[in-house]
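Here's the structure, in structure tokens; my notes come after.
The values are calculated or read from the model by the stated rules, or taken from the named source; none is laboratory data. Quick caveat, the model's predicted, so the values are computed rather than measured. Reconstructed Cβ throughout: ideal geometry from the backbone, glycine too, with neighbour counts over all protein chains shown. Each accessible area value is taken on the protein alone, full model and side chains, heavy atoms only, with ligands, DNA and RNA left out. Shrake-Rupley method; radii C 1.70, N 1.55, O 1.52, S 1.80 Å.
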Amino acid sequence: MSFPHILLALLVTLIWGVNFVVIKVGLHDFPPLLFCALRFALAALPLLILRGPMPAPFWRIVQIGVLLGVIKFGLLFVGMHLGMPAGLSSLVLQSQVFFTVLIAALVLGERPSRRAWCGLVLAAGGLLLIASERPLGDSLLAFSLVVVAALAWAFANIATKRSGAQDMLRLICWVSLIPPLPLLALSWVFEGPEAILGAMRGITWSGVGALLYIAFFATTVGFALWSFLLRRYPASLVVPFSLAVPISGLLCGWLLLDEQLSTRALLACGLVFVGLAITILPAQLWRRKRAAL
């Protein structure tokens with residue numbers, strides 16, 4: 001993986017790490033399913049100026065849209081609304097890395113090396129260290145919904161890789177056309193018209209800011225870059241980067257919000273990044289390092 005593409009992947013982890021805090025802010029203004037529907041409706045707006053044919057077969061766009069927009073984010077937002085903390089949600093969602101690697105091995109024949117598995121296990125240990133310091137919340141249902149959301153994301157990663165799309169910005173914009181109507185229908189049934197109208201009448205500037213961030217930064221920019229990397233590299237090389245999403249969230253809280261990081265959390269951050277380095281850096285580099293020693 002080239003160094004510029006490694007930097008792109010780390011940029012995505014930063015955008016998504018901040019996103020979990022932003023989601024919590026937005027859920028103060030919107031019911032979760034409505035919030036998710038509005039997010040994808042806005043993310044589809046660039047299609048008004050982007051020209052050209054569909055970037056992938058329509059059935060594949062629908063498949064990714066349902067997996068990523070309706071199931072993954074619908075369940076994630078509901079789970080966080082039911083009590084899953086933002087930090088723990090970002091951790092649990094990264095189980096998609098292991099789901100994706102396993103599915104890619106079964107479906108695409110991508111076999112991670114022994115070194116890659118060692119790196120993934122080490123990074124997972126770092127995440128478990130962080131999780132041990134965070135409360136689970138009051139709802140086992142909320143936790144389970146986030147786990148299922150992670151599984152849906154894994155299938156969406158595989159569908160994206162198999163889409164054959166070349167223009168990833170147009171792909172994510174087309175994909176964003178699929179979730180709004182199903183999510184609005186689910187919101188109408190489960191959250192009710194009064195909650196929808198109340199949210200639209202009582203919207204605040206913080207709610208607007210949260211909506212714009214998750215629509216354009218987390219969705220349009222983040223998933224366009226993520227899809228670009230998935231198209232160029234094996235899934236087992238790209239998806240481990242998302243293990244750094246909770247780390248970027250923790251570090252942003254420390255730098256911007258003066259949140260405290262314990263010694264255990266700092267050690268866990270180090271474990272995650274060492275695990276990522278073992279997973280993604282070329283084997284030739286490690287051989288040169290050992291030879292130099």
Next item on the list: Determine, yes or no, whether Gly119 is open to solvent by less than 60 Å² (accessible area, probe 1.4 Å), in contact with a Ser or Thr (Cβ under 7 Å, 6 or more places away or on another chain), over 19 Å from Trp226 (Cα atoms) and at pLDDT below 85.
Entry: yes
Notebook entry, point to check: Residues of the range 38-59 being in a loop (DSSP other than H, G, I, E, B) and within 22 Å of the chain's Cα centre (by Cα), which ones?
Noted result: Ala44, Pro55, Ala56
Notebook entry, point to check: In the range 136-145, is there at least one residue being modelled with pLDDT of 85 or more and either crowded, with 17+ Cβ neighbours inside 10 Å or outside any helix (DSSP H, G or I) (or both)?
Noted result: yes
Check: out of contact with any strand residue (DSSP E or B) (no Cβ under 8 Å at 6 or more places or on another chain), at pLDDT 80 or above, among the polar types (S, T, N, Q) and open to solvent by 20 Å² or more (accessible area, probe 1.4 Å) - does that describe any residue in the range 157-167?
Finding: yes
Check: Is the range 198-220 home to any residue that is in a loop (DSSP other than H, G, I, E, B), within 18 Å of the chain's Cα centre (by Cα) and surrounded by 21 or more Cβ atoms within 10 Å (Cβ to Cβ)?
Finding: no
Next item on the list: Report yes if some residue within the range 65-82 is at pLDDT below 80 and in contact with a Phe, Trp or Tyr (Cβ under 9 Å, 6 or more places away or on another chain); otherwise report no.
Entry: no
Note to self: Can you find, within the range 19-37, the residue that is nearest to Leu211 (Cα to Cα) among those that are open to solvent by 40 Å² or more (accessible area, probe 1.4 Å) and in a helix (DSSP H, G or I)?
What the structure shows: Val25
Note to self: Under 9 Å between Cβ atoms, which residue pairs at least 6 apart in sequence (or on different chains) link something in the range 11-35 that is within 16 Å of Gly74 (Cβ to Cβ) and in contact (Cβ under 8 Å) with a residue 40 or more places away in the chain with a partner that is of a type in the set (Gly, Ala, Ser) and part of a loop (DSSP other than H, G, I, E, B)?
What the structure shows: Pro31/Gly192
